[in-house]
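**Q** So that we are looking at the same thing, I have put the structure below in structure tokens.
The values are calculated or read from the model by the stated rules, or taken from the named source; none is laboratory data. These figures come from a predicted structure and were not determined experimentally. Here the Cβ positions follow ideal geometry from the backbone for every residue, glycine too, while neighbour counts run over all protein chains shown.
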Amino acid sequence: MKLYKTGMDVRMACRKQGFSGPTAGQAPDYIQTNVVILDKSDALDFLIFCQRNPKPCPVIEVMDDGKHEAELSAPGSDIRTDVPKYLIYRDGEIVANESDLTQYWNQNLVTFLLGCSFTFEHALIRNGIKLPYYSEGKNVPMFITDIDTVPSGKFSGPLVVTQRWIPSDKVVRCVQSTSRFPSVHGAPVHVGDPGKIGISDLSNPDYGDPYIPLNPDDVPVFWACGVTPQAVALNSKPNIMYTHDPGHMFVTDIQDEDMAAF
């Protein structure tokens, strides 16, 4: 798998239709974001939803109506083309999977860029925690939980989490290293028994690819996930919503350490 070094490298490859895979492991020093694009009539309610649910929906940037350049986080970018894959939702149903949103664009669309846990994976690896999917072009497993988000307007639904197997002797280090990045989900929301958050089978994720623990003493650890708005879309059924395909993120020019809290 080709490794792109910077956010701009990833975006240009997407724009030229040269890259369509998951972005885990790509541009390892740069902030990756989830993408939610809504009609401006829904934008205020969704912004309030993000403020009420900062763990799954940490806001990196909100773009003005009709704007397709992320001027603050990725100058020169084009949100219509610079994501590997997009999902098109209408009335809460997925109706298409696209590599380009240009044909769908209009001046009433508002784009939200939300922090992504792929950002802190590089920190986990630096701390000696192996992530098998990271360099294999695969996707982190994601699960819909039985934890409710705090509603805003029409937006409500369950929390989605990412899951990673962590060696038992590194769980504390894992919590410490990810806590440094509150703008990209921060510390885990749950450690251990998945049944306590409504997950019955770790081999069957709702999104992404399953992977088995490397060692028998590995512990499942769960982080709030920016795919939560997609589960919310299925529940709340906005008329139109465009998102990234889970795991296929928008990569910015902001470096990880610029978002670290300490």
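**Q** Are any residues in region 1-32 β-branched (Val, Ile, Thr) and at pLDDT 95 or above, and if so, which ones?
**A** Once the filter is applied, which keeps residues that are β-branched (Val, Ile, Thr) and at pLDDT 95 or above, region 1-32 yields THR6, VAL10.
**Q** Could you grab me the full set of residues in region 71-90 that are closer than 18 Å to ASN108 by Cα and outside any loop (DSSP other than H, G, I, E, B)?
**A** ILE88, TYR89, ARG90, listed by residue number.
**Q** Would you say THR243 is under 16 Å from the mean Cα position of the chain (by Cα), within 18 Å of HIS122 (Cα to Cα), assigned by TED's automatic domain parsing to the domain that holds GLN26 and not basic (Lys, Arg)?
**A** no
**Q** Out of all the residues in region 48-60, which are crowded, with 18+ Cβ neighbours inside 10 Å and part of a helix (DSSP H, G or I)?
**A** Within region 48-60, PHE49, CYS50 meet the criteria.
**Q** What's the total number of residues in region 2-24 that are in a loop (DSSP other than H, G, I, E, B), without any contact (Cβ under 8 Å) to a residue 24 or more places away in the chain and small (Gly, Ala, Ser)?
**A** Final tally of qualifying residues: 1.
**Q** A further question on this structure: Just the residues that are part of a loop (DSSP other than H, G, I, E, B), in contact with an Asp or Glu (Cβ under 9 Å, 6 or more places away or on another chain) and surrounded by fewer than 18 Cβ atoms within 10 Å (Cβ to Cβ), please, taken from region 181-205.
**A** GLY198
**Q** If a residue must be under 18 Å from CYS225 (Cα atoms) and among the polar types (S, T, N, Q), how many such residues does region 28-87 contain?
**A** The total comes to 5.
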